[in-house]
1. Using 0.36 nm per residue of separation minus the Cα-Cα distance, give me the extension gain between Met73 and Phe147 in nm, one decimal.
2. Taking 0.36 nm per residue of separation and subtracting the Cα-Cα distance, what length does fully extending Ile242 through Leu29 add?
3. Considering only protein heavy atoms, what is the solvent-accessible area of His177 at a probe of 1.4 Å, reported in Å² to the nearest 10?
4. What is the sum of charges around Ile213, taking Lys and Arg as +1, Asp and Glu as -1, for the other residues whose C-beta is under 12 Å from the C-beta of Ile213?
5. Taking a ≥ b ≥ c as the square roots of the eigenvalues of the Cα gyration tensor of the range 120-246, is the shape rounded (a/c under 1.5), prolate (a/b larger than b/c) or oblate?
6. May I ask you to compute the full-extension gain from Val83 to Ser2, defined as 0.36 nm times their residue separation minus their alpha-carbon distance, rounded to one decimal in nm?
7. Quick one: work out Rg over Rh on the C-alpha atoms of the range 153-221, Rh as Kirkwood radius.
8. I'd like the per residue volume of the convex hull spanned by the Cα atoms of the range 219-319, given in cubic angstrom.
Amino acid sequence: MSQYVLRRLLIAIPSLLGISAVLFFVLALAPGDPFSELATNPNVPPEVQAALRAKFGLDDPIYLRYLHWLNAMLHGDWGFSFVSRMDVDKLILQRLPTTLYVIGSAQILALLIAIPVGVYAATKPYSLFDQVANTLAFVGFSLPTFFTGILFILIFSVTLDWLPFVYTTDIKGTGIHWGLEMIRQAIMPVAVLGLFQAASMTRFVRSAMLDVIRLDYVTTARAKGLGQAKVIVKHVMRNAMIPVVTLIALQMPAVFGGAIVTEQIFRIPGIGSLLISSILSNDTPVVMAVTFVFACLVVLFNLIADILYGWLDPRISFR
């Protein structure tokens, strides 16, 4: 297992290097400049502007700037935010826990909905429950997250006044009160992301279950007298979950993309909103670091999916 994980990590290194190079060159060729505001500021002398550009190497060739950035990243220096006036790694670490909390909770909610609904719908194909579940699933992944987010705000915040529509980390109170307020303000963004993911997962779980449930070994298990619940849980679900794990791993970029939109709607102080504000202010070091963090998280989730394959299917060996 350890050798397999190490080998996968070594394979991920060229992927991350390629991703970082593409991101860096695209951002370097994009219009805008981190010091564009200084150029129009009469209080900053031209020699100071030139000294700052030379200090950060903004006038160097692109390939040299990339090599400097890569060397700094390897030494733990993620750059300096020109807008926030602080180190990029500290800025991201302030925001990352909030984003992971929202995304993680949404994924757990999606799995808690998709797996039981998809499994039961597959055991009762074309029944009333199956048709209702399919209809709701189609509606769920047809509606974009920005629409459902605004709809939730209008219903639960504006009309019913049940939930806050602005997410804040500065909650007054301690202990149980603080925990309840954190859960209360996270309900809508987690529900928006979770229901969107659950809709597509439900269809996929149902399809995977139907493919496995018709196989000969399932019929044999039933012929031996095993109960329906034992056949489904022990013999069908485990094999049916392999493509579902693949789907979850491949959907992570879409999850992060949806999180960016959701964070904007509910004013969540996560790295998604940080990315948008940094793009608008041409804060290139922050944009580069945040997108690279997203890429690392996607590679990490794919590694976790590969490890889960071996646990779900004993035929897959870690060699």
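1. Working: separation 74, 0.36 × 74 = 26.64 nm, distance 3.79 nm.
Stretched fully, the Met73-Phe147 segment lengthens by 22.9 nm.
2. This chain segment gains 72.6 nm when fully extended.
3. The accessible area of His177 comes to roughly 100 Å².
4. Numbers: positive: Lys124, Arg206, Arg214, Arg222; negative: Asp211, Asp216.
Result for the local shell: +2.
5. Working: a/c = 3.30, a/b = 2.17, b/c = 1.52.
Taking the square roots of the gyration eigenvalues as a ≥ b ≥ c, the range 120-246 is prolate.
6. On the way: separation 81, 0.36 × 81 = 29.16 nm, distance 4.20 nm.
Gain on extension, Val83 to Ser2, equals 25.0 nm.
7. Result for the range 153-221 is an Rg/Rh of 1.31.
8. Working: hull volume 12.1 nm³, N = 101.
Dividing the Cα hull volume of the range 219-319 by its residues yields 120 Å³.
The values are calculated or read from the model by the stated rules, or taken from the named source; none is laboratory data. Small disclaimer: the values here were computed from a predicted structure and weren't measured. Here the Cβ is made from the backbone with ideal geometry for all residues, glycine too, and neighbour counts use every protein chain on show. Note: accessible area is taken over every heavy atom of the protein model, side chains too, but ligands, DNA and RNA are not part of it. Shrake-Rupley method; radii C 1.70, N 1.55, O 1.52, S 1.80 Å.
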